[in-house]
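Visitor: I have a structure here, written as structure tokens, and I will follow up with some questions on it.
The values are calculated or read from the model by the stated rules, or taken from the named source; none is laboratory data. Values in this document were obtained by computation on a predicted structure and should not be read as measured data. Here Cβ is always computed from backbone atoms with ideal geometry, including for glycine, and neighbour counts include all displayed protein chains. Heads up: the accessible areas ignore ligands, DNA and RNA and are worked out on the full protein's heavy atoms, side chains in. Shrake-Rupley method; radii C 1.70, N 1.55, O 1.52, S 1.80 Å.
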Amino acid sequence: MKKKFYSIIIPIKNQEKTVQNNLIRLIRKLKKIKFLANWEIILVDDGSTDKTINSILRFKTKYKNIKLVKNLKNRGKGYSIKNGIRFLNKKSEKVITIDADMPYMDTFNKFILNLKDNDLVILNRKNKNSRLINKNKNFYIYYRIFVGYFLNLIFRIFKLTSLRDTQAGLKGFNSSFKKIFKYIKTDGFLYDLEFLLILEKKKIYPKQIPCNYSVSE
């Protein structure tokens with residue numbers, strides 16, 4: 001089995017209390033994946049106002065394959081991912097983007113296995129086999145879910161996409177797709193939709209997988 005080099009891009013902001021533990025969770029997963037030749041984590045700080053950067057700098061002294069990129073000011077998720085793409089290792093074969101709170105760790109191994117043999121993999125939280133795993137489900141959690149469903153409905157009504165979930169914060173794709181990032185104009189959270197639409201125009205469609213997921217409060 002040919003081993004691969006994976007790059008993981010994580011936009012991050014004001015995560016000083018959680019960033020180290022979340023990185024440890026991710027690294028433990030990566031170390032157990034046998035078909036990885038190597039990996040790198042590119043953290044893109046999007047204008048943190050707390051001590052997130054100091055926490056990352058302390059942590060990355062233990063790992064040579066963690067990079068820290070800093071936006072000059074808060075620019076949004078899309079801008080952060082586009083900025084992170086600029087720092088991909090030349091050996092990178094697959095790119096993963098994931099939210100800083102790591103809401104999909106229960107599905108991460110399944111996701112990686114699917115990405116190995118597919119050009120583009122996304123999660124589908126609306127799949128009948130997907131599960132919300134928050135122990136305490138309050139009004140805010142259901143509000144966020146409703147907003148996500150409503151936005152997707154609008155996208156489909158206006159025929160922007162046929163996908164029922166474009167916004168899940170875990171996506172993977174071939175590193176050769178980095179060429180299209182110069183055409184992406186969206187800096188905010190709708191970056192995901194624009195990215196998928198550009199690929200769809202090129203007849204590149206995602207492998208969609210169900211997931212266990214949590215919603216951050």
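Visitor: Give the residue that is nearest to PHE87 (Cα to Cα), with candidates limited to residues of region 146-186 that are surrounded by 16 or more Cβ atoms within 10 Å (Cβ to Cβ) and of a type in the set (D, E, K, R).
Guide: LYS178
Visitor: Now a separate question. Checking the condition aromatic (Phe, Trp, Tyr) and touching a Pro at 6+ places or on another chain (Cβ under 9 Å), which residue from PHE158, PHE173, PHE150, PHE177 passes?
Guide: Exactly one residue qualifies, and that residue is PHE173.
Visitor: How about region 146-182: which of its residues are at pLDDT 95 or above and aromatic (Phe, Trp, Tyr)?
Guide: Residues satisfying the conditions are PHE173, PHE177, PHE181.
Visitor: Under 6 Å between Cβ atoms, at least 6 apart or on separate chains: pull out the pairs that start in region 112-136 with a residue that is surrounded by 18 or more Cβ atoms within 10 Å (Cβ to Cβ) and end on any residue that is among the acidic types (Asp, Glu).
Guide: As it stands, the answer is ASN124/ASP165; ARG125/ASP165, since those pairs meet every condition given.
Visitor: Moving on. Under 29 Å from ILE180 (Cβ atoms) and polar (S, T, N, Q): which single residue out of ASN22, ASN54 fits that description?
Guide: On the way: ASN54 fails: under 29 Å from ILE180 (Cβ atoms).
It is ASN22.
Visitor: Could you please tell me which pairs satisfy a Cβ distance under 7 Å, a separation of 6+ or placement on different chains, a first residue in region 14-26 that is surrounded by fewer than 17 Cβ atoms within 10 Å (Cβ to Cβ), and a second residue that is modelled with pLDDT under 95 and assigned to a helix (DSSP H, G or I)?
Guide: ARG25/MET105
Visitor: Kindly check whether there is at least one residue in region 31-38 that is open to solvent by less than 60 Å² (accessible area, probe 1.4 Å) and at pLDDT 95 or above.
Guide: Quick first cut of region 31-38, residues open to solvent by less than 60 Å² (accessible area, probe 1.4 Å) only: 33, 35-36.
Filter again for at pLDDT 95 or above, leaving none.
The answer is no; no qualifying residue exists.
Visitor: When region 174-193 is examined, which residues are found to be touching a Lys or Arg at 6+ places or on another chain (Cβ under 7 Å) and more than 23 Å from PHE146 (Cβ to Cβ)?
Guide: ASN174, SER175, PHE181, ILE184, ASP187
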